[in-house]
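Undergrad: Got a structure here, written out as structure tokens. Questions coming.
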Amino acid sequence: MLLDDRDERPGVMFAEMELIGIPHRVTVGERALKDGAVEYFNRRSQQTSAVPLAEAYDFIRSRLSDP
């Protein structure tokens, strides 16, 4: 797990995560939180999903256990 809380623009942090090869990204941002969600990105499928906060733990845990 990597927590990137630097004072950088999101694009810079996302680009560095791609270079490192991190397979899953969970973004907790103002826009998604206003909707009561977090953003999940799967590097393998290149798909982004909005996950409701109440379901975030179970959703992310299930994705981490998938091969």
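Undergrad: Can you pull out every residue in the range 12-38 that is closer than 13 Å to LEU2 by Cβ and either under 11 Å from the mean Cα position of the chain (by Cα) or in contact (Cβ under 8 Å) with a residue 24 or more places away in the chain (or both)?
TA: PHE14, MET17, GLU18, ILE22, PRO23, HIS24, ARG25, VAL26, THR27
Undergrad: Can you pull out the residues in the range 1-22 that are over 14 Å from THR48 (Cβ atoms) and not aliphatic (A, V, I, L, M)?
TA: ASP4, ASP5, ARG6, ASP7, GLU8, ARG9, GLY11, GLU16, GLY21
Undergrad: Cβ-Cβ distance below 6 Å, separation of 6 or more or different chains: which pairs start in the range 39-67 with a residue that is closer than 15 Å to THR27 by Cα and end on one that is surrounded by 14 or more Cβ atoms within 10 Å (Cβ to Cβ) and among the basic types (Lys, Arg)?
TA: Within 6 Å, the pairs are PHE41/ARG25.
Undergrad: Mind checking which residues of the range 1-53 are touching a strand residue (DSSP E or B) at 6+ places or on another chain (Cβ under 8 Å), loosely packed, with under 14 Cβ neighbours inside 10 Å and of a type outside the set (Val, Ile, Thr)?
TA: Selection gives PRO10, PRO23, GLY29, ASP35, GLY36, ARG43, GLN47, SER49, ALA50, PRO52, LEU53.
Undergrad: Can you name every residue in the range 1-39 that is assigned to a strand (DSSP E or B) and either among the β-branched types (Val, Ile, Thr) or in contact with a His (Cβ under 7 Å, 6 or more places away or on another chain) (or both)?
TA: Hits for the range 1-39 are VAL26, THR27, VAL38.
A short reminder: the numbers here are calculations on the coordinates, not readings from a lab. Just so it is clear, the model here is predicted, and its values are computed rather than measured. Using ideal geometry, Cβ is built from the backbone for each residue, glycine included, and neighbour counts are taken over all protein chains shown.
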